[in-house]
Amino acid sequence: MSKSNPPLISIRGLTKAYGTFTVLHGIDLDIAEGEVVCVIGPSGSGKSTLIRCINHLEDFAAESRITVDGIRVEPGPALAKVRAEVGMVFQSFNLFPHMTVLKNVMLAPMRVRGTPEAEAERKARDLLARVGISEQAEKFPGQLSGGQQQRVAIARALAMEPRVLLFDEPTSALDPEMVGEVLDVMRKLAGSGVTMIVVTHEMGFARQVADRVIFMDGGRLVESGAPTDIFDAPKHERTRGFLRAVLNH
Ligand SMILES: Nc1ncnc2c1ncn2[C@@H]1O[C@H](COP(=O)(O)OP(=O)(O)OP(=O)(O)O)[C@@H](O)[C@H]1O
């Protein structure tokens, strides 16, 4: 893991409410370049909301401050720059159904970065090979399995050469037999130095792949540490209770 100074992502006092219901209570978090961070915690604890704030898919309280590569995340002209640097992979793939797999991966670099078509295609084919689905390039998303579609979504996010990839429960919508193939791709990405923040219920993956695990509960960052600290010696009772429940011990 290469550490940079200042952090690639800096979050200070991140607060978000839906009406009178506060979902995030003043989260402070730094992510270093090259770091792989898994965010775990009970349903409704604010994990998805936290990462969706990073590219402003959710707005947040004005006094909160998020920066990505030094750029303040806020509505306005700089937001497109932030979003070009932050790739996102969702639970539900969100591919364009009327475009081939290849075109899905080519689209954003051509539209947003102005990449010439031939170069975008070459790069898209390389990325499809990287996620192990070269032979599906000319198919439409509906003709692929869920695991294959999620791998296309990862290739599509990588096509923009983002500084960080955010994953929002990327395996939660998959049939169990397809979870492994997507986690394998993510494991390889993590090994290649891509900065990743992964909201996940896959505790085995978090323990094995994360540089750091963050436990959230009730909109608060309760505890953060190396996987061995969190899984083998959690400091907080709430972390212990959660792990007991999900790991059945
Ligand atoms: N649009 C919305 N309006 C009102 N409340 C919302 C909205 N979106 C999310 N919430 C609430 O915010 C809280 C945090 O949701 P969030 O999806 O971030 O949790 P999570 O930890 O990712 O949960 P899960 O693991 O179930 O996906 C939940 O209580 C949820 O009901």
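Structure above, values below:
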| quantity | calculated |
| --- | --- |
| Segment 113-126 residues that are assigned to a helix (DSSP H, G or I), paired with ones that are surrounded by fewer than 16 Cβ atoms within 10 Å (Cβ to Cβ) (beta carbon under 7 Å, 6 or more apart) | ARG125/SER134 |
| Number of the condition not met by GLU58 [criteria: (1) within 15 Å of the chain's Cα centre (by Cα); (2) more than 10 Å from the ligand (Cβ to nearest atom); (3) farther than 20 Å from ALA210 by Cβ; (4) surrounded by fewer than 20 Cβ atoms within 10 Å (Cβ to Cβ)] | (2) |
| Qualifying positions in segment 92-112 - assigned to a helix (DSSP H, G or I) and either surrounded by 16 or more Cβ atoms within 10 Å (Cβ to Cβ) or without any contact (Cβ under 8 Å) to a residue 24 or more places away in the chain (or both) | VAL101, LEU102, LYS103, ASN104, VAL105, MET106, LEU107, ALA108, PRO109, MET110, ARG111 |
| Looking only at segment 127-168, and only at residues there that are outside any helix (DSSP H, G or I) and of a type in the set (Lys, Arg), the one that is nearest to the chain's Cα centre (by Cα) | ARG163 |
| Unmet criterion (only one of (1) more than 16 Å from the ligand (Cβ to nearest atom); (2) in a helix (DSSP H, G or I)) for GLY76 | (2) |
| Segment 187-218: number of residues that are of a type outside the set (Phe, Trp, Tyr) and in contact with a Phe, Trp or Tyr (Cβ under 9 Å, 6 or more places away or on another chain) | 11 |
| Condition met for THR239 (β-branched (Val, Ile, Thr), within 16 Å of the ligand (Cβ to nearest atom) and either more than 14 Å from the chain's Cα centre (by Cα) or not in a helix (DSSP H, G or I) (or both)) | yes |
| Scan of segment 81-91 for residues that are touching a residue at least 24 places away in the same chain (Cβ under 8 Å) and either open to solvent by 70 Å² or more (accessible area, probe 1.4 Å) or not in a loop (DSSP other than H, G, I, E, B) (or both), ordered by number | VAL82, ARG83, ALA84, GLU85, VAL86, GLY87, MET88, VAL89, GLN91 |
| Residue tally, condition open to solvent by less than 10 Å² (accessible area, probe 1.4 Å) and farther than 26 Å from GLY193 by Cβ, over segment 17-40 | 1 |
| Long-range neighbours under 6 Å by Cβ, at least six apart or interchain, first residue outside any helix (DSSP H, G or I) within segment 45-71, second open to solvent by 10 Å² or more (accessible area, probe 1.4 Å) and near the ligand (Cβ under 8 Å from one of its atoms) | GLY46/VAL23; GLU58/THR49; GLU58/ARG52 |
| Lone unmet requirement of (1) assigned to a helix (DSSP H, G or I); (2) buried (at least 20 other Cβ atoms within 10 Å of the Cβ) for THR171 | (1) |
| Contacts under 8 angstrom Cβ, first residue in segment 130-150 being under 23 Å from GLY191 (Cβ atoms), partner part of a loop (DSSP other than H, G, I, E, B) and β-branched (Val, Ile, Thr), 6 or more apart | GLN148/ILE133; GLN150/THR171 |
| Where a residue in segment 21-34 is within 20 Å of VAL213 (Cβ to Cβ) and β-branched (Val, Ile, Thr) and its partner, wherever it lies, is open to solvent by 10 Å² or more (accessible area, probe 1.4 Å) and not in a strand (DSSP E or B), with Cβ under 9 Å and at least six apart | ILE31/PRO7 |
| Positions within segment 178-207 being part of a strand (DSSP E or B) and open to solvent by 10 Å² or more (accessible area, probe 1.4 Å), in sequence order | none |
| Cross-chain or 6+ apart pairs with Cβ under 8 Å, segment 210-223 first and under 8 Å from THR239 (Cα atoms) and open to solvent by less than 50 Å² (accessible area, probe 1.4 Å), then within 11 Å of the ligand (Cβ to nearest atom) and not aromatic (Phe, Trp, Tyr) | PHE215/ILE40; PHE215/GLY41; VAL222/GLY41; VAL222/MET216 |
| Residue check for ALA78: at pLDDT below 95, small (Gly, Ala, Ser) and under 21 Å from the mean Cα position of the chain (by Cα) | yes |
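The values are calculated or read from the model by the stated rules, or taken from the named source; none is laboratory data. The structure presented is a predicted model; accordingly, all values stated were derived computationally and were not measured. Methodologically, a virtual Cβ is constructed for each residue, glycine included, from the backbone with ideal geometry; neighbour enumeration extends over all protein chains shown. Surface areas here come from the heavy atoms of the whole protein model, side chains and all, with no ligands, DNA or RNA. Shrake-Rupley method; radii C 1.70, N 1.55, O 1.52, S 1.80 Å.
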